[in-house]
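Each value in this text was obtained by applying a stated rule to the coordinates, not by laboratory testing. This is a predicted model, so every value here is computed, not measured. Here the Cβ positions follow ideal geometry from the backbone for every residue, glycine too, while neighbour counts run over all protein chains shown.
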Amino acid sequence: MNATASLLADTICRTVELGVTITDAAVAGEFTHLFCSPVAIDPVCADCGVAGRLRDHVERKVTDLPIVGHPTRLHVRVPRFTCDNLECETRIFQQRMPALAEPRAKTTRRCTRWILQRLA
Ligand SMILES: [Zn+2]
């Protein structure tokens, strides 16, 4: 395998762990941008546990571990759902991505771990 192919294979393996698949990639300046979608759709509302209705998608940007020294920015196409349960206070919610990052976090879980290890 040449260097590019093994790098690509490595990158794909790394994103599988996050529960996303790569749909596109681009290098811009210092950053490697990876465009991804969740492997599985999970429409369950976190508040009431009822499955919601697909509304649209939002792009969630999170920073991941560097690839060959370049910071990696993931652009994840996250589904957004409407909760139709009248007894639930949530109207619109984003799919949770527990393998990727904490809710509202700007870095992936493993990137946070990596930063903490470097600081220690
Ligand atoms: Zn709900």
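HN-Hα J couplings of segment 30-36 from phi, Karplus 6.51/-1.76/1.60, θ = phi - 60°, integer Hz, Gly and Pro as x?
Along segment 30-36, the couplings run 7, 9, 9, 9, 10, 9, 9 Hz.
Could you tell me how many degrees, from 0 to 90 and to the nearest 10, lie between the Cα long axis of helix 109-119 and the main elongation axis, the longest principal axis, of the Cα atoms of the chain?
Between the helix axis and the principal axis of the chain, the angle is about 50 degrees.
Near the amide H of Val44, under 5 Å away, which other amide H atoms are found, from residues 5 or more places off or on another chain, if H is placed in the peptide plane?
Placed amide hydrogens put Gly52 under 5 Å from Val44.
Once you charge only the Cβ atoms, +1 for Lys and Arg and -1 for Asp and Glu, what is the size of the charge dipole of segment 25-80 about its Cα centre, to the nearest 20 debye?
160
Rounded to the nearest 5, what % of the DSSP beta bridges within segment 3-119 are antiparallel ones?
In segment 3-119, DSSP labels about 80 percent of beta bridges as antiparallel.
Can you compute the charge dipole magnitude of segment 3-119 about its Cα centre, using +1 on each Lys and Arg Cβ and -1 on each Asp and Glu Cβ, nothing else charged? Give it in debye, rounded to the nearest 20.
Its charge dipole is roughly 280 debye.
Over the chain, what number does the Rg to Rh ratio reach, with both radii from the alpha-carbon atoms and Rh per Kirkwood?
1.04
For the Cα atoms of the chain, what angle does the longest principal axis make with the long axis of helix 3-16, in degrees from 0 to 90, nearest 10?
Relative to the chain, helix 3-16 is tipped by roughly 20 degrees.
How much net charge surrounds Cys48 when only other residues with a Cβ under 9 Å from its Cβ are counted (Lys, Arg +1; Asp, Glu -1)?
Residues near Cys48 contribute -3 overall.
Once you have the Cα-Cα distance between Ile41 and Trp114, take 0.36 nm times their residue separation minus that, and quote the gain in nm to one decimal.
23.5 nm
With a point put 7 Å past each Cα toward its Cβ, work out how far Ile92 is from His57 in nm, to one decimal.
With each label point 7 Å from Cα toward Cβ, the separation is 1.7 nm.
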